[in-house]
Amino acid sequence: MYPHERSLVEKYKNEPFAIVGINSDTDLDKLKDVRAKENISWRSFWNGPEGTSGPIAATWNVHGWPTLYIVDAQGVIRYKSEGANEEAIDKTLAELLAELKPTAGAAK
Amino acid sequence: MKNRILLLVLVASLPIACRALEESSQPAAQPKAQPMAPILSMPVAQAPQAEKPAPVLADSRSERFAVLEKEQSDALNAYRDAFRKALGDNKNPTQEDYQKIQEQVHQPDTEGYSARAQKLLDEDATDITAFHAIQFLLDNARGAETGPALLALLEKHHMDRPEMGDMCSRLVQNGRGLLEKLAASSPHQDVRGRACCTMADSLKSDIQTAEYIQGKSQQELDGMKGWLGDEKLAALQKLDVDATQKEIERIYERVVNEFSDVKLNAGSKRETTLGKRAGTALYEIRNLCVGKTTPEIEGVDLDSVAFKLSDYRGKVVLLDFWGNW
C-alpha cells in the first residue's frame, strides 16, 4: 500500500488531491518510526488507544483493513472497497480529478 | 496487492472468518491474521472453545468429543507458535517464504481429526455430541463436498436447539436456506435474531464478492469456481446489488425491532447486542454508501494536532483506514 500511495502523492502533487488516513495502530512511537522510514507524508487521524475498535473505525463500521473510500471535491463518496484494488483506485481518482478541470467540461 | 484483495474476499467468504466477526464486536485479531494465508486456511476459531470449562462427561461420546477437540486445539496452537517462530521478524513474507516455512512446519492432521468427528456423527446423528461434531466438521472442512450432508443432518435433527445460535455463522456460505428457517421459526428468540444478522452478513458478503468478480477474465473466474462452486458463481454474476442492499436493510430493521436486546459475547469484554450491531450496519448503509456525503470526522493526527475531514473539501480525497501490521 505505501509505495502505491507514495506514487499517487507524487503523481498528483500539483492537483487538488490528498490522502487522509485513519490509523488504528496502538503504539504511536513505533508508528512514527514507520512514518519516517516509509516516507508517509500524508496526514492520518489516530483512531485512539483502542486500536481497531476505536471511535472512527467503529462509526464507519470498518471490519477489514485496509478499507478505502474515495471522496470527491464536494465530499460525496464515489468509491469504497475493503482491500486495496490499485487499478480501480487509479481509475476513479483519474476520473474525479478530470471532472475538476474546466477544460474537460468545455471539451464535451 | 492483487493477491491481497483476493485474500480479503476469500476471508470474507470463509465461515470461520465470519464467525470471528460475529463473536467479536471488533475483529482485533483479524488484521494481523490477514497476511498469514497458511494460518487462515486453518481452523483459527477454535481457541474460544478451548477456554470453555470441560463439558460434564455424561457419556463416552461427549468424552470422546472433548478429547478430540482438545487434541486438535493443542496441535493447532503448537503449529501457530512454530509458524510464528519460523517467520521470526520477517515483516513482509513472500509466497516463497511461506512455502519454505510450510516445508519445515507441518500442519496439524486435520483430516484425522475430522475422520474421528465423522465417526461420532455416523454412530448417532441426533444427540448434542452429534451437533458439536457437525460444528467441528464445518469448521474444519477443506472442501464444499461434506457441507450439504452436514447441513441436511442439522436440518433433520437439530433446528430447535438453543445452541443453534452458535451455528449460524457456519451457515454463511452454503446454509442460507437454514438461516431463513431459523430466522422464521426457531423457538428461541436469540437464535432467530442471530440467524437474521448472519443472513445480512451473508448477503453483504455476496455483494462484496459480486463486485470483486466484475470484469474478471474467464481464467480468473475459473480459478474461483473451486471455492465458490459453479452455481454460486453464476448467481453472483447476476446478482441484483440494489435489491440485495434493500434486503439487507430490511433484515437489519427487523433485528432492531425484534432482537435489539439479544446479547453477543455475553460476559466478555466484547459483549454487545444485536441492536447495536444492526444499528451500526444501518448507519453504514444509510450514510456511507457511494453517492452519500461523508459524515464529518473530527480528531487528532499522529502528533496530536486536531483537524477535520471537511478541511479537505475541494480536493479529491483517498480515505484510507490503515494500520501498520
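Bear in mind these aren't lab numbers, they're just calculated from the coordinates by the rules spelled out. Bear in mind the structure is a predicted one, so any value in this text is a computation, not a measurement. Glycine gets a Cβ as well: all are built from the backbone with ideal geometry, and neighbour counts include every protein chain shown.
Pop out the ³J(HN,Hα) list for the stretch B:245-251 in order, Karplus 6.51 cos²θ - 1.76 cosθ + 1.60 with θ = phi - 60°, rounded to Hz; leave Gly and Pro as x.
Residue by residue, the stretch B:245-251 yields 4, 5, 4, 4, 4, 4, 5 Hz.
In square nanometres, what is the average projected area of the Cα convex hull of the stretch B:175-260?
Taking a quarter of the hull surface, the average projection is 5.8 nm².
Any idea what diffusion coefficient the stretch B:217-262 gets from Stokes-Einstein, in µm²/s, Kirkwood Rh on alpha carbon pairs, 4 °C, 1.567 mPa s?
Values: Rh = 12.9 Å.
Result for D is 101 µm²/s.
Once the Cα atoms of chain A are picked out, what are the Rg and Dmax in Å?
Considering chain A through its Cα atoms, Rg and Dmax are 15.4, 51 Å.
Under a 5 Å amide H to amide H cut-off, with H placed in plane at 1.01 Å, what residues pair with A:THR67 once short-range neighbours are removed?
A:GLY83, B:PHE321
Short version: what are the Cα gyration tensor semi-axes of the stretch A:41-90, square root of 5 times each eigenvalue, largest first, in whole Å?
On the way: eigenvalues 85, 35, 27 Å².
The answer is 21, 13, 12 Å, longest axis first.
Which lysines, if any, have their Cα less than 25 Å from the Cα of B:LYS216, not counting same-chain residues under 8 positions apart?
Candidates past the 8-residue exclusion: A:LYS80, A:LYS91, B:LYS2, B:LYS204, B:LYS225, B:LYS232, B:LYS238.
For the stretch B:264-325, take the alpha-carbon Rg, divide it by the Kirkwood Rh, and send me Rg/Rh. Walk me through the numbers before you get to the answer.
Working: Rg = 15.8 Å, Rh = 14.8 Å.
Rg divided by Rh gives 1.07.
Report, ordered by chain and residue number, the aspartates and glutamates lying within cross-link reach of B:LYS292, taken as a straight Cα distance under 14 Å and ignoring same-chain residues fewer than 8 apart.
A:ASP72, B:GLU284
Would you please classify the overall shape of the stretch B:126-201 from the alpha carbon gyration tensor, given that a ≥ b ≥ c denote the square roots of the eigenvalues, rounded means a/c under 1.5, and beyond that prolate means a/b larger than b/c while oblate covers the rest?
On the way: a/c = 1.84, a/b = 1.28, b/c = 1.44.
Oblate.
Could you tell me the extents of the stretch B:186-325's C-alpha atoms along the three principal axes, largest first, rounded to whole Å?
For the stretch B:186-325, the Cα spread along each principal axis is 51, 45, 31 Å.
Over chain A, what is the relative contact order in percent, taking alpha-carbon pairs closer than 8 angstrom and at least six residues apart? Before the final figure, lay out each step's value.
Values: 100 pairs, mean separation 21.1, N = 108.
Normalised by residue count, the contact order of chain A is 20 percent.
Based on the Cα coordinates of the stretch A:20-71, what is the per residue volume of their convex hull in Å³?
Numbers: hull volume 4.2 nm³, N = 52.
It comes to 80 Å³ per residue, whole-number rounded.
So for B:ILE251, A:ILE56, fewest C-beta neighbours within 10 Å to most, what's the order? Intermediate results must be reported in sequence, preceding the final value.
Numbers: B:ILE251 23, A:ILE56 20.
So the residues, fewest neighbours to most, are A:ILE56, B:ILE251.
For a label point 7 angstrom out from the Cα of A:LYS101 toward its Cβ, which stretches of the stretch A:2-27 have the backbone nitrogen within less than 15 Å?
Of the residues in the stretch A:2-27, A:11-17 have backbone N under 15 Å from the label point off A:LYS101.
Give the average over all directions of the projected area of the C-alpha convex hull of the stretch B:66-151, one decimal, in nm².
Values: hull surface 26.6 nm².
Answer in nm², one decimal: 6.7.
Starting from the amide H of A:TYR79, placed 1.01 Å from N in the peptide plane, find each other amide H under 5 Å away whose residue is 5 or more places distant or on another chain.
A:ILE70
Averaging sequence separations of C-alpha pairs under 8 Å and six or more residues apart, then dividing by the length of the stretch B:126-245, give the relative contact order as a whole percent. Show your work: numbers first, answer last.
On the way: 85 pairs, mean separation 23.7, N = 120.
Dividing the mean separation by the residue count of the stretch B:126-245 yields 20 percent.
Across the stretch B:64-179, how many lysine pairs, 8 or more apart or on two chains, come within less than 23 Å at their alpha-carbon atoms? Present the calculation step by step, with values, prior to reporting the outcome.
On the way: B:LYS70/B:LYS85; B:LYS70/B:LYS119; B:LYS85/B:LYS100; B:LYS91/B:LYS100; B:LYS119/B:LYS156.
Summing the qualifying lysine pairs gives 5.
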